[in-house]
Every structure is written in C-alpha cells, then in structure tokens.
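Coordinate-derived values only; no laboratory data. Bear in mind that the values here come from a model prediction, so they are computed numbers and not experimental data. Please note: Cβ atoms are built from the backbone with ideal geometry, for glycine as well, and neighbour counts cover all protein chains shown.
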Amino acid sequence: MEDFLYFFTFQDPSIVFVVIGIILLGVGSAYVGTYSFLDKKALLGDAISHAILPGICLGFMLAGEKNPLFIVSGAFISGALATFLSSWLNKNTRLSEDAIIASILSIFFGFGIVLLTIIQKSGNPEMAGLNQFIFGNAIAIQESDLYIYGGLAVFIILCLTIFQKEFSLLVFNPDYGRAIGFPMGMIRVIFNILMILSVVIGIQAIGVVLMAALLITPGAAARFWTDRLGVLVILAGVFSAVSGVLGTYISFVIPQMPTGPWVVVFLSILALISFLFAPKKGVLSRYISRRIYLKKTHRDHLLKLLYKGIEADKSGLPIEEIYEAFPFQKKQSEQSIKNLAKDNFITQNQSFIELSISGKSEAKRIVRLHRLWELYLNEYMNIAPDHVHDTAEKLEHILTPEMEELLESRLNFPKLDPHQENIPRDHDEL
Amino acid sequence: MITQVKSPILEIHDLTVSYDQSPVLWNVDLSLPSGKLIGILGPNGAGKSTLIKAIMGLVDPSGGYVKLFDKTLEEVRSRISYVPQRESVDWNFPASVLDVVMMGTYGKLGLFKRPGKKEKELSMESLEKVGMHGFANRQISELSGGQQQRVFIARSLAQNADLYLMDEPFAGVDMATETAIFELLQEMTAAGKTVIVVHHDIYSAVNYFDWFIMLNLHLVASGPKETVMTEDLLRKTYGGKLNLLTKVSDLIRQKEFNPLKN
Ligand SMILES: Nc1ncnc2c1ncn2[C@@H]1O[C@H](COP(=O)(O)OP(=O)(O)O)[C@@H](O)[C@H]1O
Ligand SMILES: [Mg+2]
C-alpha cells in the first residue's frame, strides 16, 4: 500500500518521467497499431519488433555503451531493412506473405541473439542493461531517454493526426487513393516508418519480444466497443496507457520484474473483458440477445398453437395440452404463458387458455408471415411445398413489416399457402 | 466490329495487360466519343475490371498506352472519377457513410488539408442524388450491398469529374434503384459528361447505354448500340473463353520471363 501511494502520488520525479514516457509510448504505438490492425497487417509489427534486435546490438557495439541515440538509430535501421526486404520479396518473388514475414523475423532475431551473446562474452561492464531490451524495463527510463523516446512518440502521434485522411485511404481503399492521384506508395512508406519508430521507442520499456502485442492488442480490444474510427483510436490509446502504467508499477514494486510481460498481461485482461462484456459484439451480449430471441420464438410458437386451435374450432386450449405440445419445455411454456398474459395477448380462466383480441391479431401476423414465406419459396424459387416449412419456421420471427408488405405485393395478396391453408389477414373473422 | 471516333475522349492504343506474366487483355485498341453512356459487357474474368484499372493507371500495361482528353492520365486526373468494384474493399472498416463520400473531395483538397464545410456540403449533395442523404452518419458496415454501392457512386459524384469509370456499380442493387441511378447517369451525359459502366445484365443494358464495348480477353466490339448489339457479337463475347488465348496465356506463364513486355 505504501508503494502504491508512493508510486501513484508521483512524488518521485523519476517516476513521473517513467509514467509520462510509458503513456506517450503506449498511446503512440496503439495509434499506429490500430491502423495496422485494420489493415490486417498485424504480423508485420511482430516481424519488425524482432528484427530490430541486431540493430540495437550493433548500436551498442559502435557506441561501446548504452547510448540511446546509437541504439535508437541502429534499431531503426535494422527495422527499416527488414520492412524493405519483406516488401521487396513480396513484390519480386512468389513466396506468400506470411512465409516471408516468418523468415525475416527469425533470421533477424537469430542474428540479434548471436550479437547479444558476443557482447555478453566481451565482458563490457556496460552490458548489464542490454538484456532489458528483450523483455523491457520501464523503470530504467531516465530523463535523457525520455526526450528521445517521448519525443519520437509525440512525433508519431502528430504525424498520424496530420495524415489521418491519407492513412484511412491507405487502409480502406488504396486503389482509389491512387486513382485520385495521391502518392499511395509514399504514404505506405511513411506509415511503415511510423510503425518502425513506434516499435523502436518501445524497446526500453517493453522489449523487442512483446512490442508487437502493444501495437495490435489495444486496437483489437477497442474494436469490440466501437464502430467509429475516432473513438477506436482514443480507446486503444487509453487501454494501452493504462496497461503501460500498471505494468510499470509492477516493475517498480518488484525490482527484478521486467515490464513488458506485465504490460501484456494487463492488456490481455482488458482484451478479455472487451471480448466478453462489450455491448453488441461481446460474447455475453450476444448470448443474451440469443436468449431473448429464443424466448420470443417460443412465445410465437405458443401463439400459433392457440391460433391453430381456433382454426380447428377450439376457442382455446387447456394448459396441459399446451405443455404436451412442447415436450421437455414445461418451464419455458410456463414463462411464455406468464409473459403473454402480462402483455394481454391471452386470457387464462382456471387452466383454460384463450387468445385475446390483440393476441389473435399477433397470432395471425405470425401465421401470415410463415405462410407468405412458404408461398414465396414455392412460387419464386420453385421449392417443393413439403420443403418450405423449416425456413419459414425460422423466418416468421424476424421478417419486418416492410418485408411483409413486399411479400404481399409480390405475391399479389394471396389467399392460400402451398399447403392450401388460409393466409390470415387482420380483418378476417375468427 | 470496332468503330473509331474523331477527337475521342478516351483512346486506348494496342493495350496488353498481364498479371504475373499471363496476359488477360490482348491488344485492345479503341476510341470513345464524349457525352455518351458507355457500357462494358463481357463474361466473368473477361478483363473488364482490368481494362478500367489500366485506364486509371492502377495496373501497368505490358504494351500499348491510354490517352484521355488527348493527354496523359497525369495531366487530367482531376477530371476523371473511378468507382471500384464493391468487393474490392473491406466494408467493416470503421467509417461513416459521409466519411467515405468525402473521399471524393480529397483529390481537389490535396494532401494534409482536412475536408471542411464546403466539402461536407458537396458530399451531402452527392448523397442526396443517390437517395442516401438519410444515411450520412450510418456506419458503412451496417449498409446493405446495394446501399454500399450507392455510397461509392455518391463518392464519385462528389469528385465532380468529366469522365466517370464505374466498375459494376449495379451489382446487388435492386431494380428501382438501378432505374433511378441510370436516369441520373443519363442526365449527366446529357449535360456533356461521359460515363463508362461495367455492367453484367445485357437485358437492362440495351435500354440504357448508347455505346458498347464488348470484351472477352480481347476486344470483340466497340461501337454505337445499333451496330454492335447483334446476336453474332454477343455470342462471340459470351460464348465461352477463347480457347487459344487462354492456352497461350498458360504457355507464357510457364516461361521465366514475359515475352510481351516491352
Ligand atoms: N491481381 C491479380 N492477379 C492475378 N490475376 C488477376 C488479378 N486480377 C485479376 N486477375 C485475373 O485476370 C482475369 C481478368 O480479371 P478481371 O479483369 O477482374 O475480369 P472481370 O472484371 O471481367 O470479371 C481473371 O482471370 C482474373 O483471375
Ligand atoms: Mg470485375
């Protein structure tokens, strides 16, 4: 608790630097990553983040110390080389894109590990910090690092904001962009540069192995909540910043703990929450709407049963007969009867159930949709009368009044369905 | 049966286009008059989209050239508007109808600048022309296929061009909308614009177009409706792929280089 207060009251200026750094970095990479996710190029980020390791090592070897300028430049150059190589191979060979990306990723990363081992063997005392670039350590961010990493993050955010319409065009419809004369090739290059930069700035805090997660996961999680690009980008940034700060806090409390994996843990929790609980697209909400739908179908079927009773000259049905009509669904039937009574669609006299006036009208509507659809399938699609029942049984619950109108006029207000049963209209006497 | 015209708005000279070496368009050579509603007919895979893409400079020809308004494409790009095939984009992209239509104004707007009030008004007008103004703030993923198609047409109208190239703008559009949009296109050609449309339905095509291009890997016909709408030419266009051409295509694909490339 003491740690918690100390960290989150930001009394310590070095913590302030770290937190500002991680927020900028998180927002920047989530912003780029969201576009990359929408562009279905999630793998490219992974390849780049692995591919910058040799550059980091070479930068370190040249400088002889952990100089951020050398390391960032080295990382950028090897990331750019990997990106360039993969698009060149894509254009000039028939290898598939995922094969190219997988090879580039492993070749560059393998080479990076070799260099890292050489540096370790050399016994350079500065070496200690270099391991951190694999899994990241946000706490080690210093003021001088912040200017470089934070500055680059701000640059990325600005660029994306200025080029928003160009990047949207690049993702949504690049051919159209070329047709109106925009230099789409150049815009792709700029986007790739931003992508590489966003990976590069994450190496200190998150590490090369997990940086791809910080690019893609925030956008993917935020996509569950919204269909608007502006909201999507902001939400992704918030997810990313929150996870970044929490991951950093863990590194602060447990000093040997790398930041990257914890940031990814928190991001994954947010992604899981989104996946489960987001309205409309979340699993839970889809489950609930399915339950509601099933309830409605049961209710509709019960109304139809009562209606068919009337067609067979029974003014209503005993409740036992209704239970029997839906075997093993007694609970649902009880529930439907309760709901229908509440909506005044049925009246219950002891255990005898009858349709009310509005109930009759609703029942007629459902039967009408069912029979109209059967007739449509039969007449327009030449489907035999004994094959039309099943789809009609499903569609009767979802056909809209507009569709009903359309069916009526197409079929010219028919009287009988393919089974020679009456198609009931609201004004028909019962 | 190829009718050439004087001072054409579009001239295609001996154009050959290949994908990965296999040619899909052979020596297309035609010229088109301005102010006409022009239909491109041909079976699936005939190279209709490829022809339009070659005109728009989206695929590089392996031979021949295209001239528009007697100039190169670069010089007259702002006067040309392109409607890609609906399936060529991912409609799950998070954007509103208005966002997409506004892309039609980007060409004149140029890089960096953001669309403002003027662009918004222009886009709303275009949406109104295709009867979609009520949907301006809808997400494009929520639209039906026919509505998405109309959004694409509105986007191209917002470009305010002189020559329109539309790739299957009527695929998945219902009859009433098709009629309404054809009337709109006819108004545009009456006002001097030229509209070239890839169309899949010969029967409705006959009613609307003034001029036809018939394509099946090579150019079968190009000319006014009266001269090219013959059973013989239609049979040549739709009567199966040309066996010889596809065989040669296969032959070329197996080579290490493209012998047609200049
Ligand atoms: N990007 C591409 N790469 C390789 N082949 C392609 C590509 N696009 C189209 N093709 C092939 O070129 C031929 C013509 O395609 P297209 O112009 O789309 O025909 P259409 O629009 O008339 O249906 C088809 O056989 C198609 O498979
Ligand atoms: Mg096509």
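Tabulated values for the structure
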item	result
Lone qualifier among A:Leu95, A:Leu58, A:Leu53, A:Leu116 - being of a type in the set (A, V, I, L, M) and within 14 Å of chain B (Cβ to nearest Cβ)	A:Leu95
Per-region count, the range A:218-232, residues more than 8 Å from chain B (Cβ to nearest Cβ) and either free of Cβ contacts under 8 Å to residues at least 60 places away in the same chain or of a type in the set (A, V, I, L, M) (or both)	7
Residue list for the range A:132-167, filter: within 14 Å of another protein chain (Cβ to nearest Cβ) and part of a helix (DSSP H, G or I)	A:Leu158, A:Cys159, A:Leu160, A:Thr161, A:Ile162, A:Gln164, A:Lys165, A:Glu166, A:Phe167
Qualifying residue in the range B:120-131 (condition: surrounded by fewer than 23 Cβ atoms within 10 Å (Cβ to Cβ) and within 14 Å of chain A (Cβ to nearest Cβ))	yes
Filter result (in a helix (DSSP H, G or I) and surrounded by fewer than 19 Cβ atoms within 10 Å (Cβ to Cβ)) within the range B:210-234	B:Lys225, B:Glu226, B:Thr227, B:Glu231, B:Asp232, B:Leu233, B:Leu234
Qualifying residue in the range A:8-22 (condition: within 14 Å of chain B (Cβ to nearest Cβ), surrounded by fewer than 24 Cβ atoms within 10 Å (Cβ to Cβ) and not in a helix (DSSP H, G or I))	no
Qualifying residue in the range A:187-199 (condition: within 18 Å of A:Asn67 (Cα to Cα) and more than 14 Å from chain B (Cβ to nearest Cβ))	yes
Those residues of the range B:163-181 which are away from ligand 1 (no atom under 16 Å from the Cβ), in contact (Cβ under 8 Å) with a residue 24 or more places away in the chain and not in a loop (DSSP other than H, G, I, E, B), in sequence order	B:Leu163, B:Tyr164, B:Thr177, B:Glu178, B:Ala180, B:Ile181
All strands (runs of 3 or more DSSP E) inside the range B:20-93 with 1 or more residues being within 14 Å of chain A (Cβ to nearest Cβ) and away from ligand 2 (no atom under 16 Å from the Cβ)	B:22-32, B:63-68, B:80-83
The range A:299-326: number of residues that are more than 11 Å from A:Ile353 (Cβ to Cβ) and of a type in the set (Val, Ile, Thr)	1
Among (1) within 16 Å of ligand 2 (Cβ to nearest atom); (2) under 22 Å from B:Asp90 (Cα atoms); (3) more than 12 Å from chain A (Cβ to nearest Cβ), the one test that B:Asp167 misses	(3)
Of the criteria (1) without any contact (Cβ under 8 Å) to a residue 60 or more places away in the chain; (2) not in a helix (DSSP H, G or I), which one A:Leu81 fails	(2)
